[in-house]
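Notes for the one structure printed next.
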Amino acid sequence: MNFFGLFPSSEKKEIVETLQMPTPIHNPIPKKTFYLVSASGMPNYGDDILTRGWINYIKNIYPDAIIYLDAVDPLVASNLYEDVNCVNFLWQLAQALGENGSIEDKFSDHSVLPIRERLMSEIFNNTDSIHLLGGGYINELWAANLRLIELVSYFGKKNNILTYATGLGLQPLSEEKASQICQFIESYFCFDVRDYESYRVLEKFLPGKISFIGDDYFCFPFSDVVSLVEKETPVLRLCLHNEFSEGDENEKLFIEQVEIAISAFIQRFPGSLIRFYEFRPGSDGYFYKRLKQKFPIIEMVFFETIWKHGLQFSTKDYFLSTRFHFQLIASSVGLSGTSFYWSEYYKNKFDSLKYVSDWSFLNLGEEQLDLESFFEIRGPSFLIDFGRVEREKKFLANRLYQSTNLQHLS
């Protein structure tokens, strides 16, 4: 250290003084790194609000956390979520492996491993947990997606990472496939499903291992998605699609039922609004265009608007839907309506809501809409199990992410 101010300028001298300064030791708390996997990015509002719910939940607990989201389309997903690293490592790997490819063979020789897989491996070297988020995207309809369960297990064991799955709907799932994936589920810290049929087929092979509570939507504040507003006149709210429609006859029957409901609404409430909600861009617009031709007063509420502003309903409104999460969202503020289904896939999804949602369910082709029942005035109400499911799902979320030491959860 140089000291010149102690002497007159004519007698400046340099004094060299060596000080033994201890080096400060900083032990910052390392940032948590979480790896989430979901069917986000198509987009599909149901899958994406669950993903946003988990991201916000984690950020509230760990504001500095590094979050990776393995999404169907990371480009679209990156426009939906802030401060999240959107990738599609596991999604692409699952599709590349197909039903028969070996993950062990793929990663057996690092010298021939493509850079994509090396980048993936590097991320998992520093990850605290891998979490398969809720939804109905893993089943035998899309058989390659079942590999996601195996991939999460593989990287979890390889890197000593906690692995979770919550709120999954795995139907359709045969006992043969269930027995295959159960060997991977066994290594999960938590494996939670949202419907009884998924629970039943897995519990047979892993008794006591499988959790069955309900959809991940119950993990988060409903007010982040929906609110009730006061309105003097009712609105007819539609959220419809034709996925898995089994032929033109079912589609024709469906259109007829919806048109009957719309005509009756217009007759009962002339001048009232009719709104069509786009949950899946590029898909839901098909029915909107068909209905708009006959009923020009119908207004489309686009995905972007719903994503930014959420949903607003009133207790005077009426609802027709084929979408699982539209029904669940309306039910979360005590409102009821009618859902249509025409496949076992959707029948199972809606069956899983019967104990938390006071809606009518119509099997297209076998049942018809009862207009008197549809327009019956009902106040907001909740089924007994609704509160229980909400409490248990929030407890589950706390258990997975609010431990002070994630490596010692038990």
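Go through region 254-305 and give me each residue that's within 30 Å of TYR81 (Cα to Cα), in a helix (DSSP H, G or I) and over 23 Å from the mean Cα position of the chain (by Cα).
Of everything in region 254-305, those that are within 30 Å of TYR81 (Cα to Cα), in a helix (DSSP H, G or I) and over 23 Å from the mean Cα position of the chain (by Cα) turn out to be TYR286, PHE287, TYR288, LYS289.
For the condition acidic (Asp, Glu), out of contact with any Leu (no Cβ under 6 Å at 6 or more places or on another chain) and part of a loop (DSSP other than H, G, I, E, B), what is the one hit in ASP47, ASP64?
On the way: ASP47 fails: part of a loop (DSSP other than H, G, I, E, B).
ASP64 is the lone residue from the list that is acidic (Asp, Glu), out of contact with any Leu (no Cβ under 6 Å at 6 or more places or on another chain) and part of a loop (DSSP other than H, G, I, E, B).
Failed condition for ASN100, given (1) under 20 Å from LEU146 (Cα atoms); (2) polar (S, T, N, Q); (3) surrounded by 15 or more Cβ atoms within 10 Å (Cβ to Cβ), with all others met?
Status for ASN100: all satisfied but (3).
Of the residues that sit in region 252-287 and are within 25 Å of PHE375 (Cβ to Cβ) and at pLDDT below 95, which one is surrounded by the most Cβ atoms within 10 Å (Cβ to Cβ)?
Taking the candidates together, the pick is ASP284.
In region 301-360, which residue that is among the basic types (Lys, Arg) and either more than 17 Å from ASP216 (Cα to Cα) or touching a helix residue (DSSP H, G or I) at 6+ places or on another chain (Cβ under 8 Å) (or both) is surrounded by the fewest Cβ atoms within 10 Å (Cβ to Cβ)?
Step by step, filter region 301-360, then rank; the result is LYS308.
Are there any strands (runs of 3 or more DSSP E) wholly within region 306-388 with 2 or more residues that are at pLDDT below 95, and if so which?
338-341, 360-363
Report the residue count in region 167-188 for those that are surrounded by 18 or more Cβ atoms within 10 Å (Cβ to Cβ) and not hydroxyl-bearing (Ser, Thr, Tyr).
Residues of region 167-188 that are surrounded by 18 or more Cβ atoms within 10 Å (Cβ to Cβ), as a first pass: 167-171, 173, 178, 181-182, 184-185, 188.
Next, only the ones that are not hydroxyl-bearing (Ser, Thr, Tyr) stay: 167-171, 173, 178, 181-182, 184-185.
The total comes to 11.
For (1) under 15 Å from the mean Cα position of the chain (by Cα); (2) farther than 28 Å from SER121 by Cα; (3) modelled with pLDDT of 90 or more, each residue gets a yes or a no:
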residue: ASN2; (1), (2), (3): no, yes, no
residue: PHE7; (1), (2), (3): no, yes, no
residue: GLU14; (1), (2), (3): no, yes, no
residue: ALA39; (1), (2), (3): yes, no, yes
residue: GLY46; (1), (2), (3): yes, yes, yes
residue: THR51; (1), (2), (3): yes, no, yes
residue: LYS59; (1), (2), (3): no, no, yes
residue: TYR68; (1), (2), (3): yes, no, yes
residue: VAL87; (1), (2), (3): no, no, yes
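Note down all Cβ pairs under 6 Å where the first residue falls in region 307-331 and is at negative phi, the second is among the basic types (Lys, Arg) and buried (at least 20 other Cβ atoms within 10 Å of the Cβ), and they're at least six residues apart or on different chains.
Pairs found: ASP317/ARG237; PHE319/ARG237; PHE324/LYS349.
Give the residue that is nearest to VAL229 (Cα to Cα), with candidates limited to residues of region 361-401 that are of a type in the set (Gly, Ala, Ser) and touching a helix residue (DSSP H, G or I) at 6+ places or on another chain (Cβ under 8 Å).
Once the filter is applied, the top-ranked residue is ALA397.
Of all residues in region 67-88 being outside any helix (DSSP H, G or I) and touching a Gly at 6+ places or on another chain (Cβ under 7 Å), which is nearest to LEU396 (Cα to Cα)?
Going residue by residue through region 67-88, those that are outside any helix (DSSP H, G or I) are 67-73, 79-88.
Now narrow it down to the ones that are touching a Gly at 6+ places or on another chain (Cβ under 7 Å): 71-73.
Details: ALA71: 23, VAL72: 25, ASP73: 28 Å.
By that ranking, first place goes to ALA71.
Scan region 289-316 residue by residue and report those that are in contact with a Leu (Cβ under 9 Å, 6 or more places away or on another chain) and closer than 22 Å to GLY41 by Cβ.
Of everything in region 289-316, those that are in contact with a Leu (Cβ under 9 Å, 6 or more places away or on another chain) and closer than 22 Å to GLY41 by Cβ turn out to be VAL301, TRP307.
Which condition breaks for VAL193 when tested against (1) of a type outside the set (D, E, K, R); (2) farther than 20 Å from ARG388 by Cβ; (3) touching a Phe, Trp or Tyr at 6+ places or on another chain (Cβ under 7 Å)?
(2)
The values are calculated or read from the model by the stated rules, or taken from the named source; none is laboratory data. Being a predicted model, the structure only gives us computed values, none of them experimental. Cβ: placed from backbone, ideal geometry, glycine included. Neighbour counts: every protein chain shown.
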